[in-house]
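J.: The structure follows.
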Amino acid sequence: MQTCRRPVSSSMVQCCLQSTQPVAAARLPYRVKVSAGKRYAWCACGHSKKQPFCDGSHKSKAPSIPPLRFTPDKDRTVMLCACKQTKGAPYCDGSHFKVIFQDLMKSIKGVFK
């Protein structure tokens, strides 16, 4: 076995560590009270530590996935997507059921390998 040693630039490492696809922050949506007229920034990349809202993590971890900004028209409680697969961002559309099912199938297949 031969080991290849070559210098790695920090830009190469940074490039390899950045996401081009969103990661699921959680399997179930976040129930959040939103206020009419207030601006929110929903985390679309999944890396934020302040889910379901953006904390700027996308700038270093997923620069190609900016947050989705929205302003509710009335005070209400909403379900904001956490799996980041919704077609109606930022709101949950039930896509997490597909994500949960896919995870379940992967774990079942792993048992029978």
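J.: Contact list please: Cβ distance under 8 Å, first residue in the range 58-70 and farther than 10 Å from P22 by Cβ, second residue part of a helix (DSSP H, G or I) and modelled with pLDDT of 95 or more, pairs at least six apart or on different chains.
T.: Matching pairs, first to second residue: P66/H58; P67/H58.
J.: When only residues in the range 26-79 that are among the hydrophobic types (A, V, I, L, M, F, W, C), open to solvent by 30 Å² or more (accessible area, probe 1.4 Å) and in a strand (DSSP E or B) count, which is nearest to H96 (Cα to Cα)?
T.: Filtering first and then ranking leaves M79.
J.: When you scan the range 8-24, do you find a residue that is among the hydroxyl-bearing types (S, T, Y), at pLDDT 95 or above and either within 24 Å of G94 (Cα to Cα) or in a helix (DSSP H, G or I) (or both), even just one?
T.: No, because not a single residue in the range 8-24 is among the hydroxyl-bearing types (S, T, Y), at pLDDT 95 or above and either within 24 Å of G94 (Cα to Cα) or in a helix (DSSP H, G or I) (or both).
J.: Scan the range 80-92 residue by residue and report those that are open to solvent by 40 Å² or more (accessible area, probe 1.4 Å) and closer than 11 Å to V32 by Cβ.
T.: Passing the criteria: Y91, C92.
J.: I would also like to ask the following. What are the residue pairs meeting all of these: first residue in the range 94-106, first residue in contact (Cβ under 8 Å) with a residue 12 or more places away in the chain, second residue surrounded by fewer than 10 Cβ atoms within 10 Å (Cβ to Cβ), Cβ atoms under 9 Å, and 6 or more apart or on different chains?
T.: That search, which allows pairs on different chains as well, returns S95/K87.
The values are calculated or read from the model by the stated rules, or taken from the named source; none is laboratory data. Note that this is a predicted model, so its numbers are computed, not measured. A quick note on method: Cβ atoms are made from the backbone with ideal geometry, for glycine too, and the neighbour counts reach across all protein chains shown. To get the accessible areas, we keep the full protein, side chains included, count just its heavy atoms, and leave off ligands, DNA and RNA. Shrake-Rupley method; radii C 1.70, N 1.55, O 1.52, S 1.80 Å.
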